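Take a look at the structure below.
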Amino acid sequence: MDDRKYWVGFNIIKGIGVVRMQGLVAYFGDLQTAWGADSVNLAEAGLGAKVIERVLAARQKIDLDQVWVKIESQGIKILTWQDEVCPSRLKEIDQPPPVMYIRGEYLPDDLFAVAIVGTRWGTLYGRQITEDLSSFLALNGITMVNGLARGGCDRASNCAKGWRTNHRRAGSGRG
């Protein structure tokens, strides 16, 4: 196991997003050190009182080793923006997702991938368009990326699975 478990730990804490994760890495050098930091150091790293409370509570409630075993048992790979194999196009944006949960393989062909993002409670028209578009794209060899949120992402993923045996899922897990 490596320090990715700490990326996962911070990723599941409400109030820790891309900017705060960048700040923690910049201040502490790595997230393992940040995970063990006291409230004073967390404040110096730029976290507010409410977020610090959530971090301290999460450290008490969450067993990162257990979370990591569950991730591995489900065949999920964790990528962070620091990984060399992190999709290059994500590294080009200002706020890339700090953690990506990947089931399947990331291949060079995946440079041209499509994610369909929608609302949890879409209209009948929206659901139909999502089904048609995701099925068409997957049938034509386009990788479908799933944000792992309920609703539009889930519907697109389910439609794409019917057409493509090497369908891949990746997401930030924040949906």
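The values are calculated or read from the model by the stated rules, or taken from the named source; none is laboratory data. Values in this document were obtained by computation on a predicted structure and should not be read as measured data. So basically every Cβ, Gly included, is an ideal-geometry build from the backbone, and we count neighbours across all protein chains shown.
Counted as qualifying within region 28-101 are the helices (runs of 4 or more DSSP H) with 1 or more residues that are assigned by TED's automatic domain parsing to the domain that holds Gly9, namely 31-35, 39-44, 49-61, 64-73. Among the residues of region 1-39, the ones that are among the aromatic types (Phe, Trp, Tyr) and either farther than 16 Å from Ala49 by Cα or in contact with an Asp or Glu (Cβ under 6 Å, 6 or more places away or on another chain) (or both) come to 4 in all. Inside region 102-141, residues that are assigned to a loop (DSSP other than H, G, I, E, B) and of a type outside the set (Lys, Arg) make up a count of 14. Suppose the filter is touching a Phe, Trp or Tyr at 6+ places or on another chain (Cβ under 6 Å) and either surrounded by fewer than 17 Cβ atoms within 10 Å (Cβ to Cβ) or not hydrophobic (A, V, I, L, M, F, W, C) (or both); does Gln66 pass it? When the stated conditions are applied, Gln66 does not pass them.
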